[in-house]
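Inspection log for the structure reproduced underneath, given as structure tokens.
The values are calculated or read from the model by the stated rules, or taken from the named source; none is laboratory data. These figures come from a predicted structure and were not determined experimentally. Note: areas computed on protein heavy atoms with side chains; ligands, DNA, RNA excluded. Shrake-Rupley method; radii C 1.70, N 1.55, O 1.52, S 1.80 Å.
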Amino acid sequence: MKITIFKKRSILIASVAAMALVLGVGCAGIGQKENPGSFASVQPVLETNCVHCHGKNRLANMPSFDDTHAFGKLIGTSNWIVPGHPEQSRFFQVVMLNDEQPGAMPPTGHAIKASEVEILRAWIAAGAKLPEGGSIALTPRGPGQRSR
């Protein structure tokens, strides 16, 4: 069977494309693990544990953060999220409370996993930076969480 230069080039291009796809898929989560202080690692924690109650259907007395623009209003001058200081951030303090303590977030019976608390801590400690270039919607993931 005779393989022409055109066929060799097509095979080479297909091989390189397949390798790039495999390497890209295999490396997709590496950036988040290497940079635990990134917002990309925080977004799923917020969407799983917080946005159900602090999103569009929130109660009037709850701070809203259904997108990164609204969430950004909690960062900085207020004490909700103090960049570089998780221990001074009310946002971090309420997720650290024991599940049965008043004010614990998420509400009673839905404590955030220790690994997720660490993700939030690392993000705040790294400066609580949000992605640049426009607001990103935060969409609830999984079953809604409400107090018992």
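Diagonalise the Cα gyration tensor of segment 36-148 and give the resulting equivalent ellipsoid semi-axes, square root of 5 times each eigenvalue, largest first, whole Å.
One finds semi-axes of 20, 17, 13 Å for segment 36-148.
Cross-link partners among aspartates and glutamates for residue 113, C-alpha distance below 16 Å, same-chain residues fewer than 8 apart left out?
Those aspartates and glutamates meeting the cut-off are 47, 99, 100.
Working with all protein chains in place, sort 119, 81 by solvent-accessible area computed with a 1.4 Å probe, largest first.
The ranking, largest first, comes out as 119, 81.
In whole Å and largest first, what semi-axes does the C-alpha gyration tensor of segment 90-132 yield when each eigenvalue is scaled by 5 and square-rooted?
Over the Cα atoms of segment 90-132, the semi-axes work out to 22, 10, 8 Å.
Calculate what fraction, in whole %, of the accessible area of segment 34-87 sits on carbon and sulfur atoms when a 1.4 Å probe is rolled over the protein chains.
On the way: 1400 of 2650 Å².
The value for segment 34-87 is 53 percent carbon and sulfur by accessible area.
When we measure straight from the Cα of residue 73, which aspartates and glutamates land under 17 angstrom away, once same-chain ones fewer than 8 places off are left out?
Cross-link targets: 132.
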